[in-house]
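**Student:** Once you've had a glance at the structure underneath, I'll fire off some questions.
No lab work stands behind these numbers, since they all come straight from the coordinates. Worth saying up front: this structure is predicted, and the values here are computed from it rather than measured. So basically every Cβ, Gly included, is an ideal-geometry build from the backbone, and we count neighbours across all protein chains shown.
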Amino acid sequence: MLLIKLTRLLRLLMNIGISSCLLGECCTYNATHHLLEEIKLINDIHFIAVCPEVIGGLPIPRDPCEIISQDPLKIISIKGEDKTSAYVQGSLKALKLFKDNDVKIALLKYKSPSCGCDGIYDGSFSHRLINGQGVFASICSKNKIEVFHEKQLKEFFDYIEKNCI
């Protein structure tokens with residue numbers, strides 16, 4: 001019984017970063033969300049929700065964007081407009097929120113040019129995936145924030161159990 005109470009207390013003290021769309025916020029490029037029902041299983045953990053694209057000043061809805069070059073970084077909309085600055089600025093602001101709230105682990109949106117970890121679109125707007133990370137996921141990783149995406153829920157939960165409780 002004491003262990004259960006201690007576990008719940010530790011969970012209450014822990015901040016986990018998450019893509020806002022995974023909590024049900026309609027902030028994706030097409031003004032929808034990607035609510036994860038499984039999040040209800042960990043609802044006693046305090047989430048720090050971010051959408052780097054919105055924080056960076058992009059509207060809802062917005063044209064889809066993809067990373068067309070990593071070095072130098074270049075992100076364009078499907079209409080050919082350069083949106084790199086909004087992605088970078090939004091990612092830096094979202095990172096500050098994570099750091100200010102002592103976030104050490106984050107659950108991010110798969111395939112996103114911001115939050116994608118372990119796979120992003122190839123920049124051709126043809127729905128082809130390549131290995132890589134979105135701008136925000138990359139910045140998180142470089143700042144020692146462990147990142148997972150919604151298709152890695154088992155690994156995410158296992159990591160929390162092994163490293164955070």
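**Student:** Jot down the radius of gyration and Dmax of the chain, Cα atoms only, both in angstrom.
**Tutor:** Using the Cα atoms of the chain, the pair Rg, Dmax is 16.0, 58 Å.
**Student:** Excluding residues on the same chain fewer than 8 positions from Lys83, give the aspartates and glutamates whose Cα lies under 20 Å from its Cα.
**Tutor:** The qualifying aspartates and glutamates are Glu53, Asp63, Glu66, Asp71, Asp122.
**Student:** Could I ask something else about it? In whole Å and largest first, what semi-axes does the C-alpha gyration tensor of the stretch 66-105 yield when each eigenvalue is scaled by 5 and square-rooted?
**Tutor:** In descending order, the three semi-axes are 26, 10, 8 Å.
**Student:** With both partners inside the stretch 35-165, how many of the DSSP beta bridges are antiparallel, as a percent to the nearest 5?
**Tutor:** Bridges in the stretch 35-165 are about 60 percent antiparallel.
**Student:** Residue farthest toward the positive end of the dipole of the chain, with Cβ of Lys/Arg at +1 and Asp/Glu at -1: which of Thr28, Gly119, Met14?
**Tutor:** The one lying farthest along the dipole's positive direction is Met14.
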